[in-house]
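The values are calculated or read from the model by the stated rules, or taken from the named source; none is laboratory data. Quantities reported herein were computed from a predicted structural model and do not represent experimental measurements. In this analysis, Cβ positions are derived from the backbone assuming ideal geometry, glycine residues included, and neighbour counts consider all displayed protein chains.
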Protein chains: 2
Amino acid sequence: MADEIELPDEVTLLWGLRETVRRGRKPSLTVADITRAAVEVADAEGLAAVSMARVAAQLGNSTMALYRYVKSKDELLLLMSDAALDGPPNLPDGQDWRTGLTLWAQGLLKMLRRHPWTAQIPISGPPVGPNNLWWFDRALRALGDTGLDEEDKVGVVMGLLTFVHGELRLSTELSKGYVENPEAFSRQYGMALTQVVDAQRFPALSKVIAAGIFEGEVRYDEEVEGEFGLGLFLDGVAAFIERRTERQGY
Amino acid sequence: MADEIELPDEVTLLWGLRETVRRGRKPSLTVADITRAAVEVADAEGLAAVSMARVAAQLGNSTMALYRYVKSKDELLLLMSDAALDGPPNLPDGQDWRTGLTLWAQGLLKMLRRHPWTAQIPISGPPVGPNNLWWFDRALRALGDTGLDEEDKVGVVMGLLTFVHGELRLSTELSKGYVENPEAFSRQYGMALTQVVDAQRFPALSKVIAAGIFEGEVRYDEEVEGEFGLGLFLDGVAAFIERRTERQGY
DNA sequence: GCTCTTAAGCGTAGCTCGTACGCAATTATT
DNA sequence: AATAATTGCGTACGAGCTACGCTTAAGAGC
């Protein structure tokens, strides 16, 4: 009935709800084609390589043809950021919340690391893309039997998302330099720090450096690094759930 | 003695260690001037407005003059990202670790929110800028009397940094749309979700929507939103410290 | 003080990008 | 067949980064 409420532009775009037409020349592309091509380019050559011309070339079309399907490059970026979450990991249901959320966060991180450029796309609004909402739903589902009310669940999931995005921004981008040249990376970094950090201004930091944390094998192992912080956060969630359910005599 | 080890480019840049010269025309600018001007532009008009020409105009110089001080725009962005952390909040010493870290994270977030464009600058390597290291040091210092070893401290601080960066990326960018038009934001968003989310594919999410979490007053109050996740994380740190110190018979 | 060396200031120009506009080609409707 | 609607795309413009090289200014050596 109330179908006539006009949805925002981004929503109709992301859900493929743009009106289908009758008359005129047949489209030779689809929005999905363009998105896929753009993702391919970004995966292979980085987000900086994604220009309208480059994407069009990937598809064998001219640059301007794309603008019949997408209003601007920003729209294309929006599509890409939802497309990056494609492919359902299909987490096993029926776990306790902690393993559920751990698998969820790890799966999300793994997926996003396959498309590291997502961290560079500016966020333009709350999540509305189907894949984004799909992931959101799965996280909420993992919290299903915790006794938290809906608002708290959203808070927890938002916190997890916050963490995952931070992880993506920091570790992934950092480790880019690391995997290219691990030895030079850690050795040079340690050296540079010792040269520049003096114990007067940076007492705590220079203690860390003295302990040799930054020399030798810097463990920028993405897995390990992510686990640690994630574990801390989930410990916090556990404490929170306990507090909440106690108070409610659960 | 071992002063002769060549520091990486970025380090000499960020610490102002580029060789001072004798002969030739006197420089009319400094790297600091340029950085300050660029930050002004970004604060006032956003990162997109920061072009070499715009910054030069801000300083009353020509575009190409800047390239005598900075090798590329990327170098300028690097300088900006360290400059954004300027101004010591000078956290009170001698607190327990939890209030110390809470103040630290809140102070960092507050500072970064005054320069929201930092989230859009791609990270090119581990932190080496003086201000970055200064903040790092303060966080480590707050963990001084917890009995954690240096490696664990670094892990905790990295986790906090991860969280803060995620917070900056998600909430800050999101709330941009919100403060511009709060009512349209929440109302439209809730509406769009109800139109598009069906209970079959998104069972948990549609329960949340049904509970009215996204309608009405969406509480994108930055303070509150940040506190919640941060509190969860710190709860986790507390549990971690307890575990560690128990095991070591502390 | 004169000359030489070195470095700063900057105009020009080339390349890449995003995209507005308009015309030609193509297809469904009448 | 004629018409209307749409897609494909060539051209063009403005903005951005920056390589190059010339001009200008300031210290160094005599």
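Please go through (1) free of Cβ contacts under 8 Å to residues at least 40 places away in the same chain; (2) within 11 Å of DNA strand C (Cβ to nearest atom) for A:Leu77 and return the number of the only condition it doesn't satisfy.
(1)
Which of the following residues is in contact with a Ser or Thr (Cβ under 6 Å, 6 or more places away or on another chain) and either near DNA strand D (Cβ under 10 Å from one of its atoms) or modelled with pLDDT under 95 (or both): B:Ala56, B:Ala2, B:Ala49? Spell out the reasoning first.
On the way: B:Ala2 fails: in contact with a Ser or Thr (Cβ under 6 Å, 6 or more places away or on another chain); B:Ala49 fails: in contact with a Ser or Thr (Cβ under 6 Å, 6 or more places away or on another chain).
Being in contact with a Ser or Thr (Cβ under 6 Å, 6 or more places away or on another chain) and either near DNA strand D (Cβ under 10 Å from one of its atoms) or modelled with pLDDT under 95 (or both) holds for just one of B:Ala56, B:Ala2, B:Ala49, which is B:Ala56.
Can you tell me how many residues in segment A:203-233 are in contact with a helix residue (DSSP H, G or I) (Cβ under 6 Å, 6 or more places away or on another chain), of a type outside the set (A, V, I, L, M) and modelled with pLDDT of 80 or more?
So the count comes out to 3.
So which of A:Glu40, A:Glu45, A:Glu6 ends up being closer than 24 Å to B:Met191 by Cβ and either more than 10 Å from DNA strand C (Cβ to nearest atom) or free of Cβ contacts under 8 Å to residues at least 60 places away in the same chain (or both)?
A:Glu6
How many residues, within segment B:29-46, are aliphatic (A, V, I, L, M) and within 11 Å of DNA strand D (Cβ to nearest atom)?
2
Check off (1) at pLDDT below 95; (2) over 15 Å from the mean Cα position of the chain (by Cα); (3) more than 14 Å from chain B (Cβ to nearest Cβ) for A:Asp86 and give me the number that stays unchecked.
Failed condition: (2).
What residue, among those in segment B:119-137 that are part of a loop (DSSP other than H, G, I, E, B), more than 7 Å from chain A (Cβ to nearest Cβ) and not small (Gly, Ala, Ser), is nearest to B:Gly236 (Cα to Cα)?
For segment B:119-137, the residue satisfying everything is B:Pro127.
Could you give every pair whose Cβ atoms fall below 7 Å, whose first residue belongs to segment B:50-65 and is within 14 Å of chain A (Cβ to nearest Cβ), and whose second residue is near DNA strand C (Cβ under 8 Å from one of its atoms) and part of a helix (DSSP H, G or I), counting only separations of at least 6 or pairs across chains?
none
Suppose the filter is farther than 22 Å from B:Trp117 by Cα and in contact (Cβ under 8 Å) with a residue 12 or more places away in the chain; does B:Arg68 pass it?
Considered against the rule, which asks whether it is farther than 22 Å from B:Trp117 by Cα and in contact (Cβ under 8 Å) with a residue 12 or more places away in the chain, B:Arg68 comes out as yes.
Could you please find all residues in segment B:51-62 being in contact with a helix residue (DSSP H, G or I) (Cβ under 8 Å, 6 or more places away or on another chain) and near DNA strand C (Cβ under 7 Å from one of its atoms)?
The one that is in contact with a helix residue (DSSP H, G or I) (Cβ under 8 Å, 6 or more places away or on another chain) and near DNA strand C (Cβ under 7 Å from one of its atoms): B:Ser62.
So which of A:Ala48, A:Ala38, A:Ala83 ends up being in contact with a Lys or Arg (Cβ under 8 Å, 6 or more places away or on another chain) and under 23 Å from A:His165 (Cβ atoms)?
After applying the criteria, what remains is A:Ala83.
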